[in-house]
Amino acid sequence: MYKQKFKIILSFLLILLSNFIFSQKKFTIVLDAGHGGSDSGAKRSYSDIGLLAEKDVTLSVVLKVGRMLEKNKDFKVIYTRKFDEYPSLSDRTNLANRSKADLFVSVHCNSAQRSSAYGTETYVQGPDQNDTNLEVAKRENDVIFLDEKDRQTFGSYDASSPESLIALKLQQSKYLESSLLLGGLVEDNFVNKDKRFSRGVFQKNLHVLRMNAMPSVLIETGFINHAEESHYLASEKGQDEIAESIYQAIIDYKKAIDRKSGGASNNITVKKPEPEKPVEVALKNDFRILLMSSPTKYNDGDPALKGLNYILPIKENGQYKYYYGVTNMASVKDINLKTAKDAGFRNAFAVGFMPNQKLSTGYYTIEVYVGEKLNGNSFILQTLKDVERNKESGVFYYTYGKVFTLEDAVKIQKSLEAKGIKNTIIQKVYR
Ligand SMILES: [Zn+2]
């Protein structure tokens with residue numbers, strides 16, 4: 001009788017156990033070797049090792065990482081390329097999205113105008129801002145080549161459309177934290193295991209990351225045009241170390257994620273299910289980080305902006321206020337604030353903007369030019385009708401348009417950019 005009972009319990013346990021083992025979903029990872037085929041990426045010729053091309057280093061490192069991961073039965077590895085060929089950026093992200101991957105890791109090499117630059121860095125998808133038009137994105141993504149097909153796919157992406165913004169914000173809050181976790185692990189390994197110099201983990205708006213519906217990182221493994229680092233990148237030893245560091249970071253990342261979700265892969269202990277984390281609810285207001293107020297106008301890339309992108313300056317009472325990032329997620333707001341403080345804006349703070357709020361007094365206009373008097377043949381006056389001109393202490397200020405919400409002002413600004421009128425400033429006028 002007891003024996004019978006024991007048998008029943010045993011077989012019940014076995015069924016449970018086998019269910020558990022077979023229901024274990026593999027962790028799907030997409031490994032993306034940057035560039036390929038006609039797109040060599042960064043390259044440089046050296047007298048001793050000949051031509052060193054980014055596309056060869058990235059492929060070699062990715063294949064090494066993949067070989068290590070494939071030995072682990074918990075992982076399913078998908079490659080965007082295994083040969084010297086060029087899948088478009090859309091091919092790469094489509095593949096990742098279609099295969100419902102859990103993680104996307106893109107491997108690249110850096111190059112810089114200064115040949116003294118060296119070290120590693122990892123990028124995660126950064127906070128979006130109003131000026132994500134294709135030209136700006138292309139300039140910022142100078143390591144990433146856009147082909148005709150990509151232009152069609154990504155060209156239609158409009159950061160000012162509500163759908164894109166909502167999708168983007170959701171994606172950010174869900175995946176940013178995980179991406180930052182992996183980025184940190186990768187850079188830690190480069191420093192601690194390989195004794196290399198890490199330039200850090202950064203948020204940036206990169207095409208190959210933006211369209212991914214999963215945590216994603218882009219790893220810059222070193223500088224092709226740095227005399228010493230290039231030889232490390234070209235060497236078997238260097239590539240082995242880089243691959244090992246990336247591999248170990250992925251393993252540790254999965255452990256951390258498993259711990260969080262309560263499903264450790266290899267031990268069969270019954271765990272109390274952790275209470276489900278409440279899904280983060282979007283805030284009513286958008287939040288931007290106020291970096292500083294200054295009487296001086298700084299354009300994109302000015303050292304005064306300390307390397308931060310996605311900055312929206314708004315002129316008010318003769319002062320330029322510089323705002324960084326925009327989000328309606330509390331977690332992303334906190335991350336943006338930290339990014340601003342880390343960059344050196346110690347007094348930065350978050351400011352709420354009610355979406356589509358109409359000004360009760362005054363209006364918004366676009367400052368299109370400040371300086372000496374423009375003559376009638378100038379590009380701006382030829383392109384725009386109804387430009388207003390004001391003179392203050394010998395300086396001419398040209399403004400265009402009159403609207404009552406910040407969103408409408410951003411729209412005008414974008415349409416001006418499309419016409420080739422750049423570095424304009426949104427101005428709040430009280431009268
Ligand atoms: Zn690259």
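When you go through Glu274, Glu316 one by one, which is the residue that is modelled with pLDDT under 80, over 24 Å from Gly200 (Cβ atoms) and either of a type in the set (Lys, Arg) or not assigned by TED's automatic domain parsing to the domain that holds Tyr430 (or both)?
Testing whether each residue is modelled with pLDDT under 80, over 24 Å from Gly200 (Cβ atoms) and either of a type in the set (Lys, Arg) or not assigned by TED's automatic domain parsing to the domain that holds Tyr430 (or both) leaves just Glu274.
Scan (1) within 26 Å of the chain's Cα centre (by Cα); (2) surrounded by fewer than 16 Cβ atoms within 10 Å (Cβ to Cβ) for the single condition Glu407 breaks and write down its number.
Against the list (1) within 26 Å of the chain's Cα centre (by Cα); (2) surrounded by fewer than 16 Cβ atoms within 10 Å (Cβ to Cβ), Glu407 comes up short only on (2).
It is to be established whether one or more residues within region 410-419 are under 15 Å from Lys315 (Cα atoms), touching a residue at least 24 places away in the same chain (Cβ under 8 Å), in a strand (DSSP E or B) and outside the structural domain of Glu316 (by TED's automatic domain parsing).
no
Filter region 332-388 for residues that are of a type in the set (Ser, Thr, Tyr) and more than 35 Å from the chain's Cα centre (by Cα) and give the result.
Ser360, Thr361, Ser378
Restricting the search to region 287-314, which residues are assigned to a strand (DSSP E or B), crowded, with 21+ Cβ neighbours inside 10 Å and not hydrophobic (A, V, I, L, M, F, W, C)?
Answer for region 287-314, where residues must be assigned to a strand (DSSP E or B), crowded, with 21+ Cβ neighbours inside 10 Å and not hydrophobic (A, V, I, L, M, F, W, C): Arg288, Pro313.
Residues that are farther than 22 Å from Asp188 by Cα: find the strands (runs of 3 or more DSSP E) completely inside region 35-131 holding 1 or more of those.
43-46, 50-53, 75-79
Suppose we filter region 28-53 for residues that are closer than 21 Å to Ala227 by Cα and near the ligand (Cβ under 10 Å from one of its atoms); how many remain?
The qualifying residues number 3.
Is it true that Gly325 is in contact with a helix residue (DSSP H, G or I) (Cβ under 6 Å, 6 or more places away or on another chain) and of a type in the set (Gly, Ala, Ser)?
Yes; evaluated as a whole, the condition is true for this residue.
Could you identify the single residue in Lys391, Lys333, Lys385, Lys321 that is part of a loop (DSSP other than H, G, I, E, B) and outside the structural domain of Gln203 (by TED's automatic domain parsing)? It would help to see each step written out before you state the result.
Details: Lys391 fails: part of a loop (DSSP other than H, G, I, E, B); Lys333 fails: part of a loop (DSSP other than H, G, I, E, B); Lys321 fails: part of a loop (DSSP other than H, G, I, E, B).
That would be Lys385, the only listed residue that is part of a loop (DSSP other than H, G, I, E, B) and outside the structural domain of Gln203 (by TED's automatic domain parsing).
Quick check on region 242-250. Is at least one of its residues assigned to a helix (DSSP H, G or I), touching a Phe, Trp or Tyr at 6+ places or on another chain (Cβ under 6 Å), polar (S, T, N, Q) and modelled with pLDDT of 85 or more?
Yes, the conditions are met somewhere in region 242-250.
Please state which of the following conditions Val57 fails to meet, knowing it meets all the rest: (1) touching a residue at least 60 places away in the same chain (Cβ under 8 Å); (2) of a type in the set (A, V, I, L, M, F, W, C); (3) surrounded by fewer than 16 Cβ atoms within 10 Å (Cβ to Cβ).
Condition (3) is where Val57 drops out.
Please pick out the residue among Leu209, Leu180, Leu218 that is in contact with a strand residue (DSSP E or B) (Cβ under 9 Å, 6 or more places away or on another chain) and more than 19 Å from Cys109 (Cα to Cα).
Leu180
Within region 397-407, how many residues are over 12 Å from Tyr363 (Cβ atoms) and either modelled with pLDDT under 90 or not assigned by TED's automatic domain parsing to the domain that holds Leu374 (or both)?
1
The values are calculated or read from the model by the stated rules, or taken from the named source; none is laboratory data. Nothing here was measured: the structure is a model prediction, and the numbers come from that model. Every residue, glycine among them, receives a Cβ derived from its backbone with ideal geometry; neighbour counts consider all protein chains shown.
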